[in-house]
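Remarks on the structure that follows.
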Protein chains: 2
Amino acid sequence: MPRINFHLQLAELKDKLLAMAALTQQTADLALEAYLKRDKGLCKYVRDNELAIDRAQRELDEMAYEIMAKEQPMAIDLRFVLAVIKINGDLERVGDQAANIAKRTKNSLKLEDVMLPVDFEAMGEHATRMVRLAVQSLIEGDAFLAESVRTMDDDIDRMNRLAHEELLRMIQERPQYTDQAMIGILIARNLESIADHATSIAADVIFWVRGADVRHEYLSTLD
Amino acid sequence: MPRINFHLQLAELKDKLLAMAALTQQTADLALEAYLKRDKGLCKYVRDNELAIDRAQRELDEMAYEIMAKEQPMAIDLRFVLAVIKINGDLERVGDQAANIAKRTKNSLKLEDVMLPVDFEAMGEHATRMVRLAVQSLIEGDAFLAESVRTMDDDIDRMNRLAHEELLRMIQERPQYTDQAMIGILIARNLESIADHATSIAADVIFWVRGADVRHEYLSTLD
């Protein structure tokens, strides 16, 4: 098989990963929208998307495996394919978190609607922005952008802690809304988990782009 | 390099993964023990272990990468190395969950000690047993054992739901213990996450052992 085909395959792998990333982000956005708008139809949509994400993950994994097995990529290409496999796993888990949000939303629909003292929209935007930038850093091979995603993680941790505190205070002050506040706490954690996966993706991009240096650093620590 | 060296390298990779798995399991057990015995010293120990787990993960990843780059493993060996890379990532996240439990434990030490209506020990045992069996299924190349781990996941989901319900009821009935119950809810979720990672490991073992068949199934779904 000519080597040019190999580069076409890498390009296709990248395209598939991009499609997977777009679907995952969209699903996370929809899940949060379902929660904020109390929209049962959107929950169903998120569930369907999650199945599509799982399928896409399997296809992408198999494609990466085929490339490895048949083309035996070297050096930077090998690191890229490995990064894709890991990033693929993180994206699939972003999909799981979206599905969790949708599940909790369905539970929340049985409860009285009450305003919670948390800016979920800002949290959600921040989290899916991190996913978007992490994937962009992969596409552009931009380790600096990937680094910036990692620093964004502190903000979402802070937002999550704040949400947690506010909602606990609400439970103390208005115990009749314990269930609603509890769902809010768990959804804030789901958003934080999405951001964690973005951070993980960014680390894999750095592994890919700065591969040689990082490995060197590592090797120099052995005797 | 002679091919016999390659098999020694694979054996060493497996050994390192086993050591990583043992450390991770032990750390998860210690974290839960710290929580149940309210032992601050153990929390520090968990934190140190988490750093060691992160180091072990990087070393294992780099070793897998070196094997890929230099030996270009084929077929079942390639699937094995890929499975190791994924499992390594899941084990590292088990370590993260253990660290989360230790962090929450430190917060709980500031609060009055109160008995919670949850059998955390049973949950913890079940979760770390799943990790142990998942790793054993890898060592023995036993897809049936891996399948059984996946079915065990339902039990822990049920235990987590029950814990959640009981602790919410406690918050309603004894609101003065909201903080303690809340920490309990989050620790139950951490244990459930550990079980999720075990399930993920089991899926990777199945990918490795049954590789050929699964891929065939997949390929036959394309036109």
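The values are calculated or read from the model by the stated rules, or taken from the named source; none is laboratory data. Because the structure is predicted, anything quoted here is derived from the model rather than measured. No Cβ is skipped: glycine too gets one built from the backbone with ideal geometry, and neighbour counts run over all protein chains shown.
Here are a few things to note about the model shown:
- Scope the range B:45-62; condition over 16 Å from B:E12 (Cα atoms) and more than 10 Å from chain A (Cβ to nearest Cβ); matching residues: B:Y45, B:V46, B:R47, B:D48, B:N49, B:E50, B:L51, B:A52, B:I53, B:D54
Rundown of residues vs (1) within 14 Å of chain B (Cβ to nearest Cβ); (2) modelled with pLDDT under 95; (3) touching a Cys at 6+ places or on another chain (Cβ under 9 Å), yes/no style:
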| site | (1), (2), (3) |
| --- | --- |
| A:P2 | no, yes, no |
| A:A11 | no, yes, no |
| A:R38 | no, no, no |
| A:C43 | no, no, no |
| A:A64 | yes, yes, no |
| A:I67 | yes, yes, no |
| A:E71 | yes, yes, no |
| A:F80 | yes, yes, no |
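- The single condition from (1) within 14 Å of chain A (Cβ to nearest Cβ); (2) within 18 Å of the chain's Cα centre (by Cα); (3) free of Cβ contacts under 8 Å to residues at least 24 places away in the same chain that B:Q97 fails is (3).
- Scanning the range B:149-198 for residues that are within 14 Å of another protein chain (Cβ to nearest Cβ) and of a type in the set (D, E, K, R) yields B:D153, B:D157, B:R161, B:E165, B:E166, B:R169, B:E173, B:R174, B:D179, B:R189, B:E192, B:D196.
- Listed by first and then second residue, the pairs with beta-carbon distance under 7 Å, at least 6 apart or on different chains, first residue in the range B:163-182 and under 14 Å from B:L111 (Cα atoms), second hydroxyl-bearing (S, T, Y) and assigned to a helix (DSSP H, G or I), are B:Q180/B:S108.
- Of all residues in the range A:147-188, those satisfying the criterion of being assigned to a helix (DSSP H, G or I), more than 20 Å from A:A203 (Cα to Cα) and of a type in the set (D, E, K, R) are A:R158, A:R161, A:E165, A:E166, A:R169, A:E173, A:D179.
- Restricting attention to the range B:40-80, the residues that are without any contact (Cβ under 8 Å) to a residue 12 or more places away in the chain, acidic (D, E) and either buried (at least 16 other Cβ atoms within 10 Å of the Cβ) or under 19 Å from B:D204 (Cα atoms) (or both) add up to 1.
- Residue within the range A:151-160 that is within 26 Å of A:T199 (Cβ to Cβ), in contact (Cβ under 8 Å) with a residue 60 or more places away in the chain and among the hydroxyl-bearing types (S, T, Y) present: no
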